[in-house]
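Undergrad: Below is the structure I would like to discuss, written out as structure tokens.
The values are calculated or read from the model by the stated rules, or taken from the named source; none is laboratory data. Computed from a predicted structure; not experimentally measured. Counting neighbours? That spans all protein chains shown, and the Cβs are built from the backbone with ideal geometry, glycine included. In case anyone asks, the SASA skips ligands and DNA or RNA and just uses the protein heavy atoms, side chains included. Shrake-Rupley method; radii C 1.70, N 1.55, O 1.52, S 1.80 Å.
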Amino acid sequence: MGESPNTDGSTPHLSRRAVVAAAGVGGLSTGLAGCLGLGGSGSSEPVKYISNNNSPQFKEMLRGFAEDFEEERDIEVDIEFTEIGGDYGQRVSQLIQGGNPPDIINAEQFRIGAYATQDILRPVDDVIDAVEEEEEEVPEKFGFVYDGSNRLVPAVASVTNNWYRSDIYDEMGLEPPTTWEREREAAQAITEADNDLYGLGYTTSATVYGSYHAWTRLWGNDAKVAARDGDTVNVALDSGQNRDRVREVLERAQQMVEYSPTATNWDWGEIYESYAGGTTATAIYSGGRPKTQSIGQDRPWADATKRVSNPYNSSNRNASLGNSAATGYALVQGSANPEGAKEFIQYMVTGERLVEYARALRFHNIPIYESWYEPGSAYRDGWDYLNDNFDEETIQGERQALFSDETQPFTAETEPANPYASPAFTSFQLGQMFYDVTEGGMNIDDAIDEAASVLRDNTGME
Amino acid sequence: MTQIVGNYITYGQAARIKSISYQIVVWAALLALMLPIIWVIIGTFSGLDALLAGNLSRILGSFTTQPLRDVFFASNFMVYYRNSLVVAAGVVVFTVVASTLAGYGLTRVQFRGKKWLARFILFGYMFPPLLLSIPMYQIWDQLGLLNSLLGLVFAESSVPLPFGIWTMWLFFQTVPIDYEESVWMAGGSRWHSFKDIALPQAAPGMVAVGIFAFQSSWNNYTYPKVLISQDSLRPLTTGLTQYAVQNFVFWNQVMAVVLTMVIPAFLMVYFLQKYLLEGYKATA
Amino acid sequence: MSVVSDRVTALVPTRWWQRSNEILSGVFEDDRRLLAVCLTPALALYVLVAILPMLWAFNLSLYEVSTLNPVWEWTGPGRLVDILTSGAFQAAFGRSLIFGFGSVAFQIVVGVSLALLVNREFKGAVLARAVALLPYMVPAVAIGMVGQFMLNAQYGIINLVLIRVGILNNPVAFLGLPETAMATVMVVGSWKFAVFVTLLTLARLQSIPENFYEGATMCGANAYQKFRDVTLPRIKNVILIAALLRTLWMFNKFDIIYIMTRGGPGEETTTIPLHAYEVAFNQYDLGQAAGIAALMFVFLALWSIVYFRVARPEEEVRVA
């Protein structure tokens, strides 16, 4: 795996610098860890892992990993499969409240903070060190540091892609939707043309995707949700110049929903279905599903599905454009076999297991090792699906977006990272704000105030 | 009207026309009620592409038995189905026994506060089950009933039980005590009068409670979600969500599973209808 | 019934059977012991599944507890006052009133009409009744999923048909518009539960002797008068009981709304159970969620007590 050179030597890495940067964020954690009975040691207990991917293919693959691992290391692994989304969090909290926490949970980077700020995650610095030893160094932005320690072992990532139908764009002589102006012009032209297509799916919903879309849209105008002031993190939505930028985004939202089907209750499923089903010509997505689904459903536009980054306002083009969302594994405090769990995580995110895992994701989520993107790498070599369906421009475009400053995690609005980005994300208040000013008929300033006040009440931000 | 009936058609014919037009109205109304089920049947035999394309003629032209075969042979469906049937049977037995006993006790034994006890039982319906899931998980863990079908039977029985007790309570009040008294006169014990007289007369009520318990268990989603994490012990309701994977729903497979859930339910209301209606009469 | 019990009897050795007969005879003679035997199974389960968890939740509502951390910190009953005065709670409560009472009213009207329709005897009446009762047997999860599928704005059959017959020009996202979302959820939810009302009403209708109607006909009563004077008084109490139970159940309804709308669009269908869910699992505040549920319980309990006083739904039994 390690034979390809790391093409960008300047990328900061997870294991060393991040730890230093974020030291001293929270003060609560050490006290509580004691009460939880940290580190039940006996490796006789099976490693308990709650997986959030329940597709038959993944079940089979993960069970295979567990069996091989058991044979190799003589540590039993017990995997429970739960549907992704609300059910997953419910299950995990039930086990934690029941005094029977799992060893390993899955988490996306934009969710992990909610767990970390409750001080229920074990540090995983040693796992990351061991993984980097075996593979390559992991860029810092894929990790999540809380209270001085890494809390997430990233496995794969996804990046904000604005997928568009180049067949339609070319036919109508439209520019790719890279800027606000181009996006709006194209959306209007496509919606008004006699082709049964809407320009885009401009989502204004209080759902996970609604949160994602809203936050991404704010970044397109360099507007921030949070700002740090020493040890406190403030809600920045409603203050100063930032508020004006939020207002601009919302004013534009009122305009853009005209070129979209009603998307007031859309979640991840609806946005890619609308694209793959031929209702919309553009879709902002975290990852590749609009394209992989178009391929899977044999759509004529599968090949013509191309990516650009999140459209931005040309007059405010300073910040990162989109989100880089790593997803991976975390260790829960108070579980029965943390040492075995660490070994199993390391086993899953290295070697041929990770290659198999990344392939099973069908380039929806993408590798966190830059060398894997090179033609001829172990990952790409002989993988027909990727090489047949994704042109080099798309593959390298995603890679460039993921590994450059063009994308950051939502936590990166503040320095050190904002641990409350995750509760802010899952509160769905940003999506709600977009809904309020469009279908909800609320005045823009009231909607901003409302969202800011709910975020202050519920997230730990001031 | 009378003119026409008297002169042009016979009274018998008029009655028949009236009866036929009444039946047309009934079946039209039922057809409207059944539209979702009809769509489930169509969906079961359609290709997923056609369903997602939203084109009616394509859907109807895409007849396939693939979804049914996928569900039956390529998923854990048979296991889910068996679990659902086993748990439903357990819930029916427990609910019927417990409700019948409680109903009999509440009618035949006089004690103070009886009415309030019966009302109090309904308080169990006043708390959102979702929030009870965390303590239930803990209690079931203590009892060693997690990931056990027996544990699920007990938990699910709690839903039909209050209504079952009410039904049996009302029903036993319509079973005249005179017959039982005559058994006592003849030297029989109260146990004999219960077993040989009261119970057979209460049979329709018991069947009604049984059917209610069956539908309640067949329907229950919250408890299996909380108490069952092992895939091989899942019933159909939580199994159904397994056909939605990573934000992608295999609609035709979902429809196929729903269809198989509807079939036993239909057989039940068709063949046990007499008892069902008898059971809820609760009248002298 | 007796065939079954005979079979069971035959399976058990005679001596045991005699012995248990004796024991049970003893138990049944004594009022107290009979009562204990009769009520214990039901009450034991009731305590385990309802009372204990409810006490736990009431207790929890007085503590500051994160969903993701098993540490409880006392905060006191002031929490409940905070919840009562919060805008989000009040809004969700208002929606619950609309959803709860609106659904029940709808279910009563549809359910009773359906019962009246299939009550008469005609060829195929048994099949018609089975069809009418069927929706009640279909799991709510399935209904939620099927409803969502049929109502989808892109490929849902309802939009396809409405557009084809010319009622609509463009697809309507019934579950996505603030004007239609709540009504749609209420109708889909009621498809199943109206039939519960049908079931109870039909059972009662079947027990009204035919000669009551014949008598009324001879007195020259028209169809409406027959309904008002013969039918209605006899189904009144059944409707009252059904309304009580359905109200309790609809106020706590979670699955069907959650599956179809997740409480959206915006918060248009966020009733109290969904609000509690959001607080617990999106805002990770388990203690507050328990407080919300506890207040809901208090409301339903008070409402039931008033209802028992005013409507006296179980009165019919003593009359009959």
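Undergrad: Of the heavy-atom accessible surface of region B:2-67 (probe 1.4 angstrom), what whole percent is carbon and sulfur?
TA: Roughly 69 percent of what the probe reaches on region B:2-67 is carbon or sulfur.
Undergrad: Related question: Could you rank C:W249, B:W169, C:W72, B:W116 by how accessible they are, 1.4 Å probe, largest area first?
TA: B:W116, C:W72, C:W249, B:W169
Undergrad: Ok, one more. Leaving out ligands, DNA and RNA, and with a 1.4 Å probe, what % of the accessible surface on region C:81-319 is carbon or sulfur?
TA: Answer for region C:81-319: carbon and sulfur cover 64 percent of the accessible area.
Undergrad: Which value, in debye to the nearest 20, gives the size of the charge dipole of region A:165-315 about its Cα centre, when Lys and Arg are +1 and Asp and Glu are -1 at the Cβ?
TA: Charge dipole of region A:165-315: 480 debye, to the nearest 20.
Undergrad: Next question. Can you tell me the equivalent ellipsoid semi-axes for region B:2-67? Use √(5λ) from the Cα gyration tensor, largest first, whole Å.
TA: For region B:2-67, the semi-axes come out at 45, 11, 9 Å.
Undergrad: In whole Hz, what ³J(HN,Hα) sequence does region A:450-459 give by Karplus (6.51, -1.76, 1.60; θ = phi - 60°), x for Gly and Pro?
TA: 4, 4, 4, 5, 5, 4, 5, 5, 10, 10
Undergrad: How many Cβ atoms of partner chains, on average, are near each residue of C:279-289 if near means within 10 Å of its Cβ?
TA: 6
Undergrad: Assuming 0.36 nm per residue, please report the length gained on full extension of the stretch A:D126 to A:Q241 beyond their Cα-Cα distance.
TA: 37.2 nm
Undergrad: Now a separate question. Considering only protein heavy atoms, what per residue accessible area in square angstrom results for chain A with a 1.4 angstrom probe?
TA: The answer is 34 Å² per residue.
Undergrad: Would you rank C:C219, C:C38 by solvent-accessible area, highest first, keeping every protein chain in place and using a 1.4 Å probe?
TA: In descending accessible area the options line up as C:C219, C:C38.
Undergrad: For chain C, what's the relative contact order in percent, using C-alpha pairs closer than 8 Å and at least 6 residues apart?
TA: 26
Undergrad: Further question: What residues in region A:424-438 lose 50 Å² or more of accessible surface when the other protein chains are added to their chain alone (1.4 Å probe)?
TA: A:Y435
Undergrad: Would you work out the relative contact order for chain B, in percent, from Cα pairs under 8 angstrom that are 6 or more residues apart?
TA: Rounded, it is 29 percent for chain B.
Undergrad: Okay, next question. To check you understand DSSP bridge types, tell me what percent of the beta bridges within the protein assembly as shown (both residues inside) are antiparallel, rounded to 5.
TA: Around 75 percent of the beta bridges assigned by DSSP in the protein assembly as shown are antiparallel ones.
Undergrad: I've got another one for you. Probe radius 1.4 Å, ligands and nucleic acids left out: can you give me the accessible area buried at the B-C interface, summed over both chains, in Å² to the nearest hundred?
TA: Counting both chains, the buried surface is close to 9500 Å².
Undergrad: Just to be sure I follow the definition: excluding the sites themselves, where is the longest run in chain C that has none of the GluC sites (Glu not before Pro) in a DSSP loop with at most 16 other Cβ atoms within 10 Å?
TA: For GluC sites (Glu not before Pro) (loop position, at most 16 other Cβ atoms within 10 Å), the longest site-free span of chain C is C:180-320.
Undergrad: Could you tell me the calculated FRET efficiency between A:D87 and A:E356, based on Cβ-Cβ distance and R0 = 25 angstrom, to the nearest 0.05?
TA: Efficiency at R0 = 25 Å is approximately 0.45.
Undergrad: On to the next question. Keeping all protein chains in place and using 1.4 angstrom, which order do C:Y284, B:Y179, C:Y155 fall into by accessible surface area, from largest down?
TA: B:Y179, C:Y284, C:Y155
Undergrad: Return the FRET efficiency for the residue pair A:S314, A:D231: r is the Cβ-Cβ distance, R0 is 41 Å, and the value is rounded to the nearest 0.05.
TA: The computed FRET efficiency comes out at 0.70.
Undergrad: Show me, for region C:180-186, the HN-Hα J-couplings you get by feeding each phi into the Karplus relation (A = 6.51, B = -1.76, C = 1.60, θ = phi - 60°), rounded to Hz, glycine and proline as x.
TA: Listing the rounded values in order: 10, 4, 5, 4, 5, 4, 5 Hz.
Undergrad: Here's a follow-up. Computing the accessible area with a 1.4 Å probe over protein heavy atoms, can you report the carbon and sulfur percentage for chain A?
TA: 42
Undergrad: Quick one: if you take sqrt(5λ) for each eigenvalue of the C-alpha gyration tensor of region B:76-279, what semi-axes come out, biggest first, whole angstrom?
TA: Sorted largest first and rounded, they come to 37, 20, 14 Å.
Undergrad: Length gain on complete extension for the stretch C:V187 to C:L55, per 0.36 nm per residue less the alpha carbon to alpha carbon distance?
TA: 44.1 nm
Undergrad: Can you bin chain A into rounded, prolate or oblate? Criterion: square roots of the alpha carbon gyration tensor eigenvalues sorted a ≥ b ≥ c, rounded for a/c under 1.5, prolate for a/b above b/c, oblate for the rest.
TA: Oblate, because a/c is 1.5 or more while a/b does not exceed b/c.
Undergrad: Also, quick follow-up: Could you list, in their original order, any pairs among B:K115/C:K236; B:K18/C:K226; A:K291/B:K225; A:K59/A:K291; B:K274/C:K123 whose Cα atoms are separated by more than 22 Å?
TA: From the list (B:K115/C:K236; B:K18/C:K226; A:K291/B:K225; A:K59/A:K291; B:K274/C:K123), the Cα-Cα distance tops 22 Å for A:K291/B:K225; A:K59/A:K291.
Undergrad: I would also like to ask the following. Solvent-accessible area of C:R228, probe 1.4 Å, all protein chains present, reported in Å² to the nearest ten, please.
TA: 110
Undergrad: Determine which residues of region B:31-47 fall in the zone a paramagnetic label at C:F122 would reach in this model, i.e. backbone nitrogen under 17 Å from the point 7 Å along Cα→Cβ.
TA: Label zone hits: B:31-34.
Undergrad: If a paramagnetic tag sat 7 Å from the Cα of A:A193 along the Cα-Cβ line, which residues of region C:153-179 would have the backbone N under 13 Å from that point?
TA: Taking a point 7 Å out along Cα→Cβ of A:A193, no residue of region C:153-179 has its backbone N under 13 Å.
Undergrad: Now, a different point. Hey, if you put +1 on the Cβ of every Lys and Arg and -1 on every Asp and Glu Cβ in region A:221-291, which of A:N265, A:L237, A:G287 ends up farthest toward the positive end of that dipole?
TA: Working it through, the farthest residue towards the positive pole turns out to be A:G287.
Undergrad: Under a 1.4 Å probe, what is the accessible area of region B:76-279 per residue, stated in Å²?
TA: Value for region B:76-279: 32 Å² per residue.
Undergrad: Sticking with this structure for a sec: What does the C-alpha gyration tensor say about the overall shape of region C:169-320? Classify as rounded when a/c is under 1.5, otherwise prolate if a/b is larger than b/c, or oblate.
TA: oblate
Undergrad: Under the definition of Cα pairs under 8 Å and six or more residues apart, what whole-number percent is the relative contact order of chain A?
TA: Relative contact order, chain A: 27 percent.
Undergrad: Can you give me the solvent accessible area of B:K195 with a 1.4 Å probe, rounded to the nearest 10 Å²?
TA: In the full protein context, B:K195 sits at about 60 Å².
Undergrad: Quickly estimate the mean residue ellipticity at 222 nm for the protein assembly as shown, helices only: each DSSP H run with n ≥ 4 gives -39500 (n - 2.57), and the total goes over all residues, rounded to 500.
TA: -18500 deg cm²/dmol
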